[in-house]
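The values are calculated or read from the model by the stated rules, or taken from the named source; none is laboratory data. Source: prediction; values computed, not measured. Methodologically, a virtual Cβ is constructed for each residue, glycine included, from the backbone with ideal geometry; neighbour enumeration extends over all protein chains shown.
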Amino acid sequence: GIQVEQSPPDLILQEGANSTLRCNFSDSVNNLQWFHQNPWGQLINLFYIPSGTKQNGRLSATTVATERYSLLYISSSQTTDSGVYFCAGARGTGKLIFGQGTTLQVKP
Amino acid sequence: DGGITQSPKYLFRKEGQNVTLSCEQNLNHDAMYWYRQDPGQGLRLIYYSQIVNDFQKGDIAEGYSVSREKKESFPLTVTSAQKNPTAFYLCASSTQRNTEAFFGQGTRLTVV
């Protein structure tokens, strides 16, 4: 099955800094999503991005499907951005395979 | 208000008991999924259903059972055969395969 690798596993930033999170897939996917897990455990949808680039406020994401990776950019980070970021992909079905996550801590 | 509702939020189970976790959606989605999350880990698929009265095993189905009698409901039963059931359980739904999935708020199950 598909393997999903996220990097870095942990990230500590000062408020206002920018960051890039990466997600690599072992095989091509035609469904790719980024999530933010809040302190209560809920998964918040950030992007549905099987290919191309999308932006939503301070967040943007780029997926290069032919090279099997996706990037999540966080600009001007805020303390409320802290939490765990997951990417997940699926190929041919809706069965999302999740990475292990990147734990982000933004310090004031 | 459209969304996915999981209940209860917290559940305590004695060893040897079966428990059922509820998942209801009013998004008119065809597909529904159950995932398990252990501390510090990503999510792993337990069961999924693409259509009413049909479901398939995911990667870690042993010790779990599901039913899909109605489009809006996909309950998960954690049986006594599940050796390590303490975890965070998340339900999701999507319109069909390979479309954006949305998640409920989760149920934390603890075996006491």
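Please verify whether the stretch B:18-36 includes one or more residues that are out of contact with any Leu (no Cβ under 9 Å at 6 or more places or on another chain), under 17 Å from B:Ile4 (Cα atoms), crowded, with 16+ Cβ neighbours inside 10 Å and of a type in the set (Phe, Trp, Tyr).
Looking for residues that are out of contact with any Leu (no Cβ under 9 Å at 6 or more places or on another chain), under 17 Å from B:Ile4 (Cα atoms), crowded, with 16+ Cβ neighbours inside 10 Å and of a type in the set (Phe, Trp, Tyr), one finds none in the stretch B:18-36, hence no.
Any chance you could count how many residues in the stretch A:16-27 are out of contact with any Phe, Trp or Tyr (no Cβ under 8 Å at 6 or more places or on another chain) and surrounded by 13 or more Cβ atoms within 10 Å (Cβ to Cβ)?
The total comes to 2.
Look through the stretch B:82-109, keep the residues that are charged (D, E, K, R) and more than 7 Å from every other protein chain (Cβ to nearest Cβ), and return whichever of them is nearest to the chain's Cα centre (by Cα).
Filtering the stretch B:82-109 for residues charged (D, E, K, R) gives B:83, B:97, B:100, B:108.
Keeping just the survivors that are more than 7 Å from every other protein chain (Cβ to nearest Cβ) gives B:83, B:108.
On the way: B:Lys83: 17, B:Arg108: 11 Å.
Per the criteria, the residue is B:Arg108.
Kindly list the number of the only condition in (1) at pLDDT 95 or above; (2) exposed (fewer than 14 other Cβ atoms within 10 Å of the Cβ); (3) over 22 Å from A:Ile44 (Cα atoms) that fails for B:Tyr64.
Exception for B:Tyr64: condition (2).
Between A:Ser19, A:Ser60, A:Ser26, A:Ser70, which is modelled with pLDDT of 95 or more, more than 14 Å from chain B (Cβ to nearest Cβ) and closer than 23 Å to B:Asp59 by Cα?
Numbers: A:Ser19 fails: closer than 23 Å to B:Asp59 by Cα; A:Ser60 fails: closer than 23 Å to B:Asp59 by Cα; A:Ser70 fails: closer than 23 Å to B:Asp59 by Cα.
Result: A:Ser26 is the single residue among A:Ser19, A:Ser60, A:Ser26, A:Ser70 that is modelled with pLDDT of 95 or more, more than 14 Å from chain B (Cβ to nearest Cβ) and closer than 23 Å to B:Asp59 by Cα.
Which number in (1) under 28 Å from A:Cys87 (Cβ atoms); (2) under 14 Å from the mean Cα position of the chain (by Cα) marks the one condition that B:Thr79 misses?
Answer for B:Thr79: the failing condition is (1).
Does the stretch B:9-38 hold any residues that are within 14 Å of chain A (Cβ to nearest Cβ) and either free of Cβ contacts under 8 Å to residues at least 40 places away in the same chain or of a type in the set (Phe, Trp, Tyr) (or both), and which are they?
The answer is B:Tyr10, B:Tyr33, B:Trp34, B:Tyr35.
Can you find even one residue in the stretch A:81-100 that is surrounded by fewer than 14 Cβ atoms within 10 Å (Cβ to Cβ) and more than 9 Å from chain B (Cβ to nearest Cβ)? First the steps, then the outcome.
First, pick out the residues of the stretch A:81-100 that are surrounded by fewer than 14 Cβ atoms within 10 Å (Cβ to Cβ): A:92.
Next cut, more than 9 Å from chain B (Cβ to nearest Cβ) only: none.
Checked against the condition, which is being surrounded by fewer than 14 Cβ atoms within 10 Å (Cβ to Cβ) and more than 9 Å from chain B (Cβ to nearest Cβ), the stretch A:81-100 yields no hits at all.
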